[in-house]
Amino acid sequence: MFDQGYTNPLGFEEASQGKSPVDVQEEIFKKKSRERYEYCLKMASIFKSKQGKEVLSVWRENTIESSSFSPTLAQQVGLDAANAHAYAREGQNAFVRDIESCIEIARTCKTLDQFTAAINQLGTVNKI
């Protein structure tokens, strides 16, 4: 029915094969949680070294700790261009925040179970 590139993010085929939607949702949550936790461990490992900490510090200084919007730029090239620049800068900020978040997750969650419990405690997962 679908081409080779099709992915099944919502698990509809599994649900039609006898699994309940709740079971499918739970499986997907576990898989995505494991992937995110492993990603965070890798990211924390990369930035654990002295050089990694220095790079992250410079990235933070050049992104999060600096202004995203420039009134001077708005005067020079127009408000639309300045807004576009600000949106791009916020993307850079989000990238650095994601790295910092991963480092914090790796520091505080020593197991996948602790990670999934923390996510559930935040209330980001709605159980049916």
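Modelled with pLDDT under 90 and either touching a Phe, Trp or Tyr at 6+ places or on another chain (Cβ under 7 Å) or surrounded by 15 or more Cβ atoms within 10 Å (Cβ to Cβ) (or both): does that describe Ala44?
Values: modelled with pLDDT under 90: no; either touching a Phe, Trp or Tyr at 6+ places or on another chain (Cβ under 7 Å) or surrounded by 15 or more Cβ atoms within 10 Å (Cβ to Cβ) (or both): yes.
Answer is no for this residue.
Can Ser68 be described as in contact (Cβ under 8 Å) with a residue 12 or more places away in the chain, out of contact with any His (no Cβ under 7 Å at 6 or more places or on another chain) and outside any helix (DSSP H, G or I)? For Ser68, the condition - in contact (Cβ under 8 Å) with a residue 12 or more places away in the chain, out of contact with any His (no Cβ under 7 Å at 6 or more places or on another chain) and outside any helix (DSSP H, G or I) - is met. Residues in region 67-90 that are among the small types (Gly, Ala, Ser) and surrounded by 12 or more Cβ atoms within 10 Å (Cβ to Cβ) were compared, and the one that is farthest from the chain's Cα centre (by Cα) is Ala74.
Please list, ordered by first then second residue, the pairs with beta carbon atoms under 6 Å, 6 or more apart or interchain, first in region 79-96 and more than 11 Å from Phe69 (Cβ to Cβ), second surrounded by 12 or more Cβ atoms within 10 Å (Cβ to Cβ). Here the result reads Gln92/Thr63; Asn93/Thr63; Asn93/Ile64; Val96/Trp59; Val96/Arg60; Val96/Thr63; Val96/Ile64, each pair linking region 79-96 to a residue that is surrounded by 12 or more Cβ atoms within 10 Å (Cβ to Cβ). Here Leu122 meets each of (1) aliphatic (A, V, I, L, M); (2) modelled with pLDDT of 90 or more; (3) exposed (fewer than 13 other Cβ atoms within 10 Å of the Cβ) with one exception, condition (2). Among the conditions (1) modelled with pLDDT of 95 or more; (2) over 17 Å from Ile119 (Cβ atoms); (3) of a type in the set (Ser, Thr, Tyr), Tyr37 misses just one, which is (2).
Can Ala118 be described as assigned to a helix (DSSP H, G or I), out of contact with any Asp or Glu (no Cβ under 9 Å at 6 or more places or on another chain), under 19 Å from Glu35 (Cα atoms) and free of Cβ contacts under 8 Å to residues at least 24 places away in the same chain? Quick ask: steps written out before the conclusion?
Details: assigned to a helix (DSSP H, G or I): yes; out of contact with any Asp or Glu (no Cβ under 9 Å at 6 or more places or on another chain): yes; under 19 Å from Glu35 (Cα atoms): yes; free of Cβ contacts under 8 Å to residues at least 24 places away in the same chain: yes.
Spelling it out, Ala118 is indeed assigned to a helix (DSSP H, G or I), out of contact with any Asp or Glu (no Cβ under 9 Å at 6 or more places or on another chain), under 19 Å from Glu35 (Cα atoms) and free of Cβ contacts under 8 Å to residues at least 24 places away in the same chain.
The residues of region 56-91 that are closer than 30 Å to Ser45 by Cβ and either in contact with a helix residue (DSSP H, G or I) (Cβ under 9 Å, 6 or more places away or on another chain) or among the hydroxyl-bearing types (Ser, Thr, Tyr) (or both), listed by number, are Leu56, Ser57, Trp59, Arg60, Asn62, Thr63, Ile64, Ser66, Ser68. Checking region 9-30 against the condition returns no match, with no residue being within 20 Å of the chain's Cα centre (by Cα), modelled with pLDDT of 95 or more, of a type in the set (A, V, I, L, M, F, W, C) and surrounded by 12 or more Cβ atoms within 10 Å (Cβ to Cβ).
For region 48-64, residues that are surrounded by 11 or more Cβ atoms within 10 Å (Cβ to Cβ) and in a loop (DSSP other than H, G, I, E, B) total 3.
The values are calculated or read from the model by the stated rules, or taken from the named source; none is laboratory data. Please read these numbers as outputs of a predicted model, since none were measured by experiment. All Cβ positions, glycine included, derive from the backbone under ideal geometry; neighbour counts span all protein chains shown.
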